[in-house]
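Worksheet: the structure to be examined is printed underneath.
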Amino acid sequence: MTETTSIIIFGASGDLTHRKLLPALFNLFRKKRIPGKFQILGFATRAWDDDQFRLEMEAAATKFCSYDYSYDEWLEFSQHLYYLSGNFTNRDDFQALAARLENLEDGPADRMFYLATAPRFFLPIVQTLGQLGLVHDRERKRRVVVEKPIGTDLASAQALNQGLNQVLQEEQIFRIDHYLGKESVQNLLVFRFANAIFEPIWNRNYIDHVQITVAEEVGVGHRAGYYDSVGVLRDMFQNHILQLVALVAMEPPANFDADAIRDEKLKVLRSIRPITPDKVASVSVRGQYRGYCEYPGVAPRSQTETFAALRLNIDNWRWQDVPFYLRSGKKLAEKCTEIAIQFKCPPIRMFPLPKDFEMTANILGMCIQPDEGIHLKFEAKVPDTAAETRSVDMEFHYRDSFGETSIPEAYERLCLDALQGDATLFTRAGAAELSWKYIDPILAAWKSPDGPPLTSYEPGSWGPEEAHDLLAKDHRWWIRTCGENNGQIIDPVYN
C-alpha cells in the first residue's frame, strides 16, 4: 500500500477507539502495513486539539496494546494523529472537516471513514458526507466502515441499509462484525476446505448435531443501561453467532474471492428454517442471571434476557435434520467461544462389550477463544483389556504451533482489509437483514403473553436448567471441547 490515505474516525474520543482501533492501527503501522503517507483524523464532540488527542491515545496505547513497542515507534506514529472537535449533525463542522482533510492530504488521497459512534448517528454522518461530496471520487477510494448493530430489528436494518445505499455504492460499505476478524474464525474455512479428510464427512450422513457456545464470565457491568434495551439475542445471536453458523454450514465457494464466500454464507442464512410463533417455546430458552436487576440503569422488573439457547435447523441437502444448538449468556461458568461437531455413533456394535455399554461419539471441537485451537475426540482401546475403549484427545493449539504473540487482534485484520478494500470478512446488507428476519419472530414471541417464561440462573453456572432440557428432550447434552473439561458432558443441572 503506497497511496496517500486518510483514516477518519467519527467518535474518536470513545471507548472503541481507545480499546480497539488505536492499538490495531498502531500495530499495522509497526508492521509497515499502512501506506507510507497517511493521517488519522479523529472527529468527536470533546473539545480536544491535536496535542490532547495524542496524549489520550498514548495513554490508550499504554493501557490496551497487547504487544511490546518502543517509545520511538509511538513517537513516530503519533505524528500522524490529528483531531477536530465537531458535532455529528452539524453541516458546518463537516465543512471544517473537509477543509482540514485537504490541508492534511496536500493532494489526492484515499479515505476510509470509520463510524465508531452511537448507531443513531450512522445515517446523518453518511448523508452529510454525501452532500459535501466527501465520499464520492472517481479517481480515489472512498470507504465507510459501519460498526454494529445494523438496526435493532428487520425494519430498522432495512431503513439503515436503504439510507446507506442512497449515498454509497454497496462495495463502499464495510459492515463490521469483529468476530469474523478472529484468526480462529478465519481458520474455519481453511480447516474445512484445505483438508480433504474433513469435507467428505461434513454433512447429515455423518454429523449428529452441531453446538455453538459463546459464554462470558462477566456481567453487564457499565453497559447495563444499554444492554437492558438490547438483550443477548440482539447482542450476540443476530450477528456473531449466526455468522459462525454460516461459516460452519456453507458450501465450498468457487474461489477465495469476497463475493464468492459471501454468496455461500448468504445461501445458508436463506436456508434457515423460520420459527413460527407456536414453535418458539419448544425451540428456545431465555434466562436472566440473579442480581441483574440490581444494576444501575436496569429496570427493577426487567424482562431482558442475559442468556438464550436456540435450536436451529437448516433446510438444505447438506444439513437436513441436523440440529444446530446455539447458546450464549452473561455471568456463566467461564469465558469461552467454541463450536462442537458431534458425529454419529458407529452403526453396529462389533466389539464384545457389556450390554449396557454405550458407544461414545467422536467430537470435533473448534475453540475460538480464549485457548484458540482444535480438538478431536476419538476412541482408543485401553491396554490389557479385551475391547474396552476410552476417549482420547488429539489437540492443536495456536500458541504451541505459532507462538504466544502470533494472534493479532480482530480489529487489526479488519482495519487492514477495509483499507485494502477486501470485504470477505464484512457483512452484506442482505445477510444482516436475513439474520433479523430469523430473530424478529423469536423476540416477538418472547414478548407475547403466550411466550416462554423468563427463567433465572445462578451467576457462575452454565445457565438455566431449561437450557439442559432443550437438548435432553432430543437425547443430547451440552458438551465442552475446550478448557479443563474438554470433551466432557457439561450438564447445568448437576454442575
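The values are calculated or read from the model by the stated rules, or taken from the named source; none is laboratory data. It should be emphasised that the depicted structure is a prediction, and the values quoted were computed from it without experimental measurement. FYI the Cβ positions are ideal-geometry reconstructions off the backbone, even for glycines, and counts take in every protein chain you see.
When each of Val185, Val230, Val218, Val190 is tested for being surrounded by 19 or more Cβ atoms within 10 Å (Cβ to Cβ) and of a type in the set (Val, Ile, Thr), the lone residue that passes is Val185.
Where in the stretch 229-339 are the strands (runs of 3 or more DSSP E), entirely inside, with at least 1 residues that are in the same structural domain as Pro200 (by TED's automatic domain parsing), of a type in the set (Gly, Ala, Ser) and more than 16 Å from the chain's Cα centre (by Cα)? Outline the logic, then answer.
Working: elements: 284-289, 307-312, 324-329.
Fully inside the stretch 229-339 and qualifying: 284-289, 307-312.
Here is the figure for the stretch 448-474: residues that are of a type in the set (Asp, Glu) and part of a helix (DSSP H, G or I) total 3. With respect to the conditions (1) under 19 Å from the mean Cα position of the chain (by Cα); (2) in a helix (DSSP H, G or I), Gln211 lacks only one, and its number is (2). Filtering Arg301, Arg311 for residues that are among the charged types (D, E, K, R) and surrounded by fewer than 14 Cβ atoms within 10 Å (Cβ to Cβ) leaves a single hit, Arg301. Contact annotation: residue pairs with Cβ atoms under 9 Å, 6 or more positions apart or on different chains, pairing a residue in the stretch 279-295 that is more than 22 Å from Ala472 (Cα to Cα) with a partner that is at pLDDT below 90 and β-branched (Val, Ile, Thr), are Tyr292/Val220; Tyr295/Val220.
Of all residues in the stretch 170-223, which are within 30 Å of Pro346 (Cβ to Cβ) and aliphatic (A, V, I, L, M)? Within the stretch 170-223, Leu188, Leu189, Val190, Ala194, Ala196, Ile197, Ile201, Ile207, Val210, Ile212 meet the criteria.
Each residue in the stretch 263-292 was checked for being of a type in the set (A, V, I, L, M, F, W, C), over 18 Å from Pro441 (Cβ atoms) and in contact with a strand residue (DSSP E or B) (Cβ under 7 Å, 6 or more places away or on another chain), and 1 pass. Number of residues in the stretch 383-420 that are more than 32 Å from the chain's Cα centre (by Cα) and modelled with pLDDT under 80 equals 7. On the given criteria, is Phe191 outside the structural domain of Phe113 (by TED's automatic domain parsing), within 21 Å of the chain's Cα centre (by Cα) and part of a loop (DSSP other than H, G, I, E, B)? Spelling it out, it is not the case that Phe191 is outside the structural domain of Phe113 (by TED's automatic domain parsing), within 21 Å of the chain's Cα centre (by Cα) and part of a loop (DSSP other than H, G, I, E, B).
Does any residue of the stretch 8-21 turn out to be assigned to a strand (DSSP E or B), small (Gly, Ala, Ser) and buried (at least 20 other Cβ atoms within 10 Å of the Cβ)? The answer is no, given that none of the residues of the stretch 8-21 is assigned to a strand (DSSP E or B), small (Gly, Ala, Ser) and buried (at least 20 other Cβ atoms within 10 Å of the Cβ). Every condition in (1) at pLDDT 95 or above; (2) surrounded by fewer than 21 Cβ atoms within 10 Å (Cβ to Cβ) is met by Ala47 except one, and the failing one is (1).
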